[in-house]
Each structure stands twice: as structure tokens, then as C-alpha cells.
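Below: one structure, written as C-alpha cells.
The values are calculated or read from the model by the stated rules, or taken from the named source; none is laboratory data. Everything quoted here is computed from the prediction, not taken from an experiment. For neighbour counting, all protein chains shown are included, and Cβ atoms are generated from backbone atoms with ideal geometry for every residue, glycine included.
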Amino acid sequence: MTPQIMGPEMNTDYRTGFCHHFPCGLVAYREDAMIGLNIRFGIFPDIKKLSDKISQNELFLRTYFYHCAPYQDDPPTDEQKDLVSKKTKYYNALRRLDRVQVRLGHLQKIGSIYTQKSADILLAVDLVRLSTEARIGTACLVAGDSDFALAVQVAKNAGVLIKLYFGGPRRKVRAELWDICDERIPMDQAFCESIELPRRLIP
């Protein structure tokens, strides 16, 4: 991204999230992408390693983590309560890490279909705000959804370079998002093995 914003060096030990770099920009990371890497390559990514690898250890502003809180019926089942408890502890642990911002949408159930709400909007708002305020110079997205393609265009119009990191087949990335990004970087087996979280630390 074009604007060069100076700031203090990062000295964090976070394990999961999205990172916004000052001169380098923003790494937007969705939990869906993390799950996808786990399914495809059998690894659970260490986001500290992932963020460092993507940012190349340049100064960055903040790590953002986007997802939805688990769905609960009314009244919730014991299984749902257990999942919510585990996820709440996980998200709270992330919030206590330096410069990590957890951004949660909500999960809507219509019939037997579960739909994420607000997560993409939160990502889009952050990307547009940081770009138009000249807070970042490059945005690195670890995602495959096209719902925030318009926000990517706004960021590009503000002079921000957009890099898309994807960990699956090219066809799994929405064409609209693929086409609008400036660079596309595959996360192959070797890449994923280099950022693997030790199994004893997997949440």
C-alpha cells in the first residue's frame, strides 16, 4: 500500500489472527481459511508464524481475526453449550494478546442452513477505514470469499496494494476476488508446514 506509516515494532506472541502492517499493510485472516488449511494439508496454522511470513517481519499495526460466534438454539443443547464455552475461551485468549483484534459476526440458521452474518462486513469496514485514512500501504488477505470485493476496490483506489493468499485450488477462490487483487500467492504444502502450530498448542 502506498502510504508509509511508521510505528513501534511488533513484539507479540499471538497465535491466531489478522495483522495490519504499517508500511506493509493489513493481513486479514478468517477462521474459515484456517479450517481450510487444516482440512487440505492436515495442519493447524500458527498465526504468529503465518503473519511473520506474510509480512516479512516488517512493522505492522494490528492482527485482526474474523469469524462468527457458534450458533445456539433456544434453549441451547449441551453440545452447543460446550462448543460456545470452548470458543469463548479461545477468543478471550486471543483478545489478551498484544495488538490482536477479534471481530465476531453471528451465525444465522434458516431451516437446516447456517449462514455467517457480519463477518465480511466487519472485514470490509476495517479495510476501507484503514486504507482511506492512509494507515496502511499493503493489505494481505487470507480468504477466498468475494463478499468484500467492493471494499478491496476502494482500498486499491486509495493506493493500497492488495495481496491474496490462498491455500486451496484456484477454483476455490471466488473469481471476483481473484480478479480484483493485485497479487495472488499460493500457500502450498511446504508453505503450510513452515507455519504449522505444534499439536500441543492446538485450541
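For the range 65-79, filtered to residues that are under 24 Å from the mean Cα position of the chain (by Cα) and within 14 Å of L107 (Cβ to Cβ), the residue that is surrounded by the most Cβ atoms within 10 Å (Cβ to Cβ) is Y66. Condition (residue is surrounded by fewer than 16 Cβ atoms within 10 Å (Cβ to Cβ) and assigned to a strand (DSSP E or B)) applied to the range 95-108: is it met by at least one residue? Yes, the range 95-108 has at least one match. Just one of the numbered conditions (1) more than 20 Å from the chain's Cα centre (by Cα); (2) touching a residue at least 24 places away in the same chain (Cβ under 8 Å); (3) not in a strand (DSSP E or B) is not true of A124: (1).
If I filter the range 65-78 for residues that are assigned to a strand (DSSP E or B) and aromatic (F, W, Y), do I get at least one hit? Checked the range 65-78: at least one residue is assigned to a strand (DSSP E or B) and aromatic (F, W, Y). When the range 156-187 is filtered for residues that are modelled with pLDDT of 85 or more and charged (D, E, K, R), the ones remaining, listed by number, are K156, K163, R174, E176, D179, D182, E183, R184.
Checked against (1) touching a residue at least 24 places away in the same chain (Cβ under 8 Å); (2) part of a helix (DSSP H, G or I); (3) within 18 Å of the chain's Cα centre (by Cα), W178 passes all but condition (1). Of note, L164 does not satisfy the criterion of being more than 20 Å from R184 (Cβ to Cβ) and touching a strand residue (DSSP E or B) at 6+ places or on another chain (Cβ under 7 Å).
Please tell me if I136 is modelled with pLDDT of 90 or more, touching a strand residue (DSSP E or B) at 6+ places or on another chain (Cβ under 7 Å), among the β-branched types (V, I, T) and under 23 Å from S51 (Cβ atoms). No; evaluated as a whole, the condition is false for this residue.
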